[in-house]
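Right, one structure below, let's go through it.
Read-outs throughout are calculated quantities, based only on the coordinates presented, and are distinct from any laboratory measurement. If you're wondering where the values come from, they're calculated on a predicted model, not measured in any experiment. Cβ placement follows ideal geometry from the backbone for every residue including glycine, while neighbour counts extend to all protein chains displayed.
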Amino acid sequence: MNVFKPEKLFGIIGHPLGHTMSPLLHNWGFSEHKIPAVYMAWPTEPGKVESFMQTFRNLPISGASVTIPHKLSVMDYIDQLTERAKSVGAVNTLYWKGDKIMGDNTDAAGVSEPLRPYCDHVKKALLIGAGGAARAAITGLQTLGIEEIYITNRTASKAEDLAEEFKISALDWEARGDQHFDLIVNSTSLGMSGKFQEINPMIMDNQDTNTIVYDLVYNPMETIFIKEAKTKGCTVIHGIEMFIHQGLEQFRLWTGKRLDEDKARELLLVQL
Ligand code: NAP
């Protein structure tokens, strides 16, 4: 009888973790490349990050994903941050380099990679929202060389703070629909399943077939923002693309191997 004996252990910490698709993606990846490894969900309450990091240091754990609410607090227990993690100001990936725990961030790649085929067209972009995902989104857009980036948020002070930190421009929340943009990225929770599902983060009157709309919300797949953007003839990018690309980049960091993007998408869409 063939008994599967994993030699490497990976996992995700966050709270709550009920809906995470990361174990599905990475365990599929290990099986595609015949890597004897397993990826688990490790629900970790706020305040338990320090003890998790002691476990990470002392047990044979090869790598981990870090999600809400630990992306900032975990940074206190890391030996070295990558340049990407420094620019985003948050960590979503842990791995070992020799005896050092590295903290990296693949969320910015999750934003930039699906946009790369369109980036020559994008001169002027609007980012809606100024929470955790917005930091990765700004870094992702800057990586693509988009120079004119505006940020707007219900709580104006948060947009102004990020605008100052990342050297972009803050835009008044009430004025977000007043001009045309080549690209609009939604990083608010508006449109997510639940009480915000029917609220569109954007006023679309000035957008047209030249606008690209990227909604980072992926549950539901067809958000109200995506649906209205389609009626305007905009090019749309679904939030699942960010999840796929941040995950593929984590897998590459841990294993040095690439996964087929289309197969990964197919796998995750079934789950969604
Ligand atoms: P967060 O830090 O809690 O930020 C939430 C943002 O939504 C803030 O800008 C907040 O504005 C805004 N917001 C919340 N309720 C609002 C309302 N009623 N009206 C207007 N704005 C409102 O969350 P996050 O981590 O940035 O995540 C944001 C979204 O991105 C979530 O839906 C999440 O699912 C999605 N996301 C997707 C991926 C992916 O892989 N596709 C990865 C990460 C996140 P205020 O500052 O005014 O409260």
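A few points about this structure:
- From the list PHE166, PHE251, the lone residue that is away from the ligand (no atom under 11 Å from the Cβ), more than 30 Å from ILE35 (Cβ to Cβ) and of a type in the set (A, V, I, L, M, F, W, C) is PHE166.
- Flag if LEU115 is touching a residue at least 24 places away in the same chain (Cβ under 8 Å) and in contact with a Cys (Cβ under 7 Å, 6 or more places away or on another chain): no
- Hits in segment 113-136 - residues which are within 27 Å of SER73 (Cα to Cα) and either surrounded by fewer than 22 Cβ atoms within 10 Å (Cβ to Cβ) or in contact with a His (Cβ under 7 Å, 6 or more places away or on another chain) (or both): GLU113, GLY131, GLY132
- Selection from segment 146-161 of residues that are crowded, with 20+ Cβ neighbours inside 10 Å and either near the ligand (Cβ under 10 Å from one of its atoms) or within 18 Å of the chain's Cα centre (by Cα) (or both): ILE151, THR152, ASN153, ALA159
- So THR143, is it under 20 Å from the mean Cα position of the chain (by Cα), among the hydroxyl-bearing types (Ser, Thr, Tyr) and within 13 Å of the ligand (Cβ to nearest atom): no
- Residue list for segment 217-239, filter: hydrophobic (A, V, I, L, M, F, W, C), within 12 Å of the ligand (Cβ to nearest atom) and either surrounded by 22 or more Cβ atoms within 10 Å (Cβ to Cβ) or in contact (Cβ under 8 Å) with a residue 60 or more places away in the chain (or both): VAL217, PHE225, ILE237
- Residue list for segment 42-83, restricted to those being away from the ligand (no atom under 16 Å from the Cβ) and of a type in the set (Gly, Ala, Ser): GLY47, SER51, SER62, GLY63, ALA64
- Test: residue in segment 29-39 that is touching a strand residue (DSSP E or B) at 6+ places or on another chain (Cβ under 6 Å) and within 19 Å of ASP104 (Cα to Cα): yes
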